[in-house]
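The values are calculated or read from the model by the stated rules, or taken from the named source; none is laboratory data. Note that the structure is a prediction, hence the values are computed from the model and not measured. Every residue, glycine as well, gets a Cβ built from its backbone with ideal geometry; the counts of neighbours run over all protein chains shown. Quick note on the areas: whole protein, heavy atoms, side chains included, nothing else; ligands and nucleic acids left out. Shrake-Rupley method; radii C 1.70, N 1.55, O 1.52, S 1.80 Å.
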Amino acid sequence: MKFKNEHLIWTNEPSVYRISDNEIIIETEPGTDLWQRTYYGFQNDNAPVLQTSTEEKYFSFIVKTEFESKRRFDQCGIAMYLDSENWLKASVEYENDEFQRLGSVVTNGGYSDWATTDISASVKSMWYRLSRRESDYCIECSQDGIHFKQMRICHMWDGAGEIRFGVYACSPEESSFRATFTHLDMTECKWLAHK
């Protein structure tokens, strides 16, 4: 299995981007985000997401992200965007000059959660691995692309059939930055069955 560029489809296509055989570059636009309702009712559904689709029930998707984020909430990472009320994402989200938030959001039925841990603001690259076992998903991260650590396991209520998954980048405030995605690959499922 390979992550093939010719099968990629935009949701909220950005004005400036570049797709080649080796990398994807997105220049974010101000006021873009993915979030639904929880806990203060805010909703935004306009972040650019570049995805492929599959009916494969067991696989892993791996990508390296590099980012020049500099303003609060600037973020880039992986996403599985099914529709506006059912999606997940994982990213490094810039907070200030001292720290950022490495985290993930799962949105089921129109409500988002947010699970994070603080990391140094000096981190400007992160690998992600999204693994699927039918309608259950595992998100992992790595700083070297070899040793992955679990971020979360979740169930997607609408995630049992054909899905779309890929990369995203956005700037919820008045900001813009360059996000670069490389080493995109689909492999056999690295998330082993529980025994």
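Expressed as a rounded percentage, what relative contact order does segment 103-195 have, with Cα pairs under 8 Å and six or more residues apart?
21 percent
Rounded to the nearest whole Å², what accessible area per residue is found for segment 39-136 with the 1.4 Å probe?
Values: 3970 Å² over 98 residues.
Per residue, segment 39-136 has 41 Å² of solvent-accessible surface.
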In the structure shown, do any of 57/149; 89/124; 64/89; 70/190 have a Cα-Cα gap over 25 Å, and if so which? 70/190
Accessible surface ranking that places the most exposed of 158, 97 first, with a 1.4 angstrom probe: 97, 158
Could you size up the charge dipole of segment 78-167 around its Cα centre, putting +1 on the beta carbon of Lys and Arg and -1 on that of Asp and Glu, and report it in debye to the nearest 20? 280 debye
Select from 16, 49, 123 the residue whose mean-square fluctuation is largest in a Gaussian network model of the chain (Cα-Cα springs shorter than 10 Å). 16
With Cα springs under 10 Å, the Gaussian network model of the chain assigns the largest mean-square fluctuation among 18, 129, 101 to 18
Considering only protein heavy atoms and a 1.4 Å probe, what is the carbon-and-sulfur percentage of the accessible area of segment 1-127? 46 percent
